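A short worksheet on the structure shown next.
No value in this document is a laboratory result; all are computed from the given coordinates. Computed from a prediction, not measured in an experiment: that's the story for all the values here. Methodologically, a virtual Cβ is constructed for each residue, glycine included, from the backbone with ideal geometry; neighbour enumeration extends over all protein chains shown.
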Amino acid sequence: MTSDIQISSKPLNIQSAIDWVMSPESGGIDVFIGTVRNSTKGKPVIRLEFEAYEPMAIAEMEKIVKQASDKWPVQKALIHHRIGVLEVGEIPVIIAVSAAHRAAAFDACRYIIDTLKQTVPIWKKEVFEDGEVWVAAHP
Amino acid sequence: MTSDIQISSKPLNIQSAIDWVMSPESGGIDVFIGTVRNSTKGKPVIRLEFEAYEPMAIAEMEKIVKQASDKWPVQKALIHHRIGVLEVGEIPVIIAVSAAHRAAAFDACRYIIDTLKQTVPIWKKEVFEDGEVWVAAHP
Amino acid sequence: MKIKILAFGVAKDILGGTSVNLELINDATVYNLQYLLEQQYPRLKQLSSYMVAVNNEYALPGDSLHERDEIAIIPPVSGG
Amino acid sequence: MKIKILAFGVAKDILGGTSVNLELINDATVYNLQYLLEQQYPRLKQLSSYMVAVNNEYALPGDSLHERDEIAIIPPVSGG
């Protein structure tokens, strides 16, 4: 299993992410793409701001990809996470996983995004017309 | 829910498929991309040939997308299936689903590809160096 | 009545073309058709399974066939 | 010993910057650090939860801290 894990302040490129995970041994690729939604709990969102503790975030993402490849026969796994200011419709995260058979690609991709959201030190601030809030910070 | 279902003899375009499902209301997109693998059960594959009973295949895919959107809160769903001769590494199918939350996108995308492989009248012939076989035709 | 049967995938190889014409009794069922086809093309019985579609929908053995129906032999599908 | 604490997300707002310096007893634990921080920055207690990371790994309350460790306050994460 090979992996490509990056944190970037530039727009993420979907096509090149998918090109990277493809290989002649792959039969299926599952890709998850997060996008900035225009509202949260019914309230209009103007933009998001992402911040990462980069070295630790990279280390945690490497652990997650390692766990996924221990659980499922994955060929290649990619995580690209954006930081900085993102407008509605932009892409905070791309996760792409290739495998010989699709079940492993689906399972691993979903495991990676679910676990990333629980353990990787990246934070998102939602900016509304009348204020801003760090997501999940308070009960 | 809106859908885009196509059968095409030209190469499929991943980026335009994903662009089509994205929307400001989406929070997550799951994409499944099938790719032609260079071997099956350890035997080298030279190429695949896909054939469809087109009007029925379109009708069946419309049913599947409808079922998926009845089960999960999906925003847009796309199925593009290629027919004709495909070399190793080429893309027989792209399925892309957008939703407000990722669970619906994952569940619906996986349901669509799993069901497509069971019910949609499309057939694949594997061409080996020493012969060819219609996949799944015989016990 | 005369009906035309479309064939796909391995069924095309077995029936020797993309379509064949058959003479059936009026109001024949899908089951009657399958019986006749398997008499004429015994290799159909060697398939894992196959379905008959009528007017772009999977049909049941008891469904009746009519002269202008679009009828197709659907061997095991393998798309995706 | 003198240690430097990195702060991210809402913790940056609470601590008033991206890092703060603190004086701790030698061999202080993560628990000791949290106690001191919560004394100085009571708003930390209003978070859903927060973790301490030492040298890029999540740390447990009983883990010891050392002078050159890279220590960070990790409020609830929300990436993806």
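Miscellaneous remarks
- Two-decimal Rg/Rh across the stretch A:2-129, once Rg and the Kirkwood Rh are taken from alpha-carbon atoms: 0.99
- Furthest towards positive pole of dipole, A:THR35, A:TYR53, A:PHE106, structure part chain A, Cβ charges: A:PHE106
- Cross-link table A:LYS10/A:LYS66; B:LYS63/B:LYS117; B:LYS66/B:LYS124, entries beyond 20 Å C-alpha to C-alpha: A:LYS10/A:LYS66; B:LYS66/B:LYS124
- Think of the protein assembly as shown as a dipole: +1 on every Lys or Arg Cβ, -1 on every Asp or Glu Cβ, centred on the Cα centre; then among C:ILE5, A:ILE5, B:SER16, C:ILE5 lies furthest on the positive end.
- Computed from Cα atoms, the angle from the helix D:30-40 axis to the main principal axis of chain D rounds to 60 degrees.
- Helix axis angle, B:102-119 relative to chain B longest principal axis, alpha carbon, degrees: 40 degrees
- Between amide H atoms placed 1.01 Å from N, distances below 5 Å from A:VAL93 occur with A:GLY34, A:ARG82, all of them 5 or more places distant or on a separate chain.
- Figure legend: label point modelled 7 angstrom from the Cα of D:THR18 along Cα→Cβ; residues of the stretch A:49-79 with amide N under 18 Å from it are A:49-58.
- Take each residue of peptide D:67-79, count the partner chain Cβ atoms within 10 Å of its Cβ, and average: the result is 6.
- Length-normalised contact order for the stretch B:2-129 - Cα pairs under 8 Å, 6+ apart - percent: 41 percent
- Over the protein assembly as shown, the hull volume per residue, using the convex hull of the C-alpha atoms, is 155 Å³.
- Computed over every Cα-Cα pair of the stretch C:2-74 and binned at 10 Å starting from 0, the pair-distance distribution P(r) comes out as 21, 61, 18 percent.
- If only the Cβ of Lys and Arg carry +1 and only the Cβ of Asp and Glu carry -1, the dipole of the stretch C:2-74 around its Cα centre is close to 280 debye.
- When both bridge partners sit in chain C, DSSP labels roughly 80% of those beta bridges antiparallel.
- FRET efficiency, 1/(1 + (r/R0)^6) with R0 41 Å, evaluated for D:ASP63 and A:SER9 via beta carbons: 0.80
- Alpha-carbon centroids, the stretch C:26-80 and the stretch B:71-95: separation in whole Å: 27 Å
- When the helices of chain B are scored as -39500 (n - 2.57) per DSSP H run of n ≥ 4 and the total is divided over every residue, the value at 222 nm lands at -10500 deg cm²/dmol.
- Rounded to whole Hz, the Karplus (6.51, -1.76, 1.60) HN-Hα couplings of the stretch A:125-137, x for glycine and proline: 10, 8, 10, 9, 4, 10, x, 8, 8, 6, 5, 6, 5
- Taken over the alpha carbons of the stretch B:45-106 as equal point scatterers, the Debye sum produces base-10 log I(q)/I(0) values at 0.12 Å⁻¹ of -0.40.
- Degrees, to the nearest 10: B:54-71 long Cα axis against longest axis of chain B: 40 degrees
- Sorted from closest to farthest, the other copies place their B:PHE128 label points 6.3 nm away, with each point set 7 Å from Cα along Cα→Cβ.
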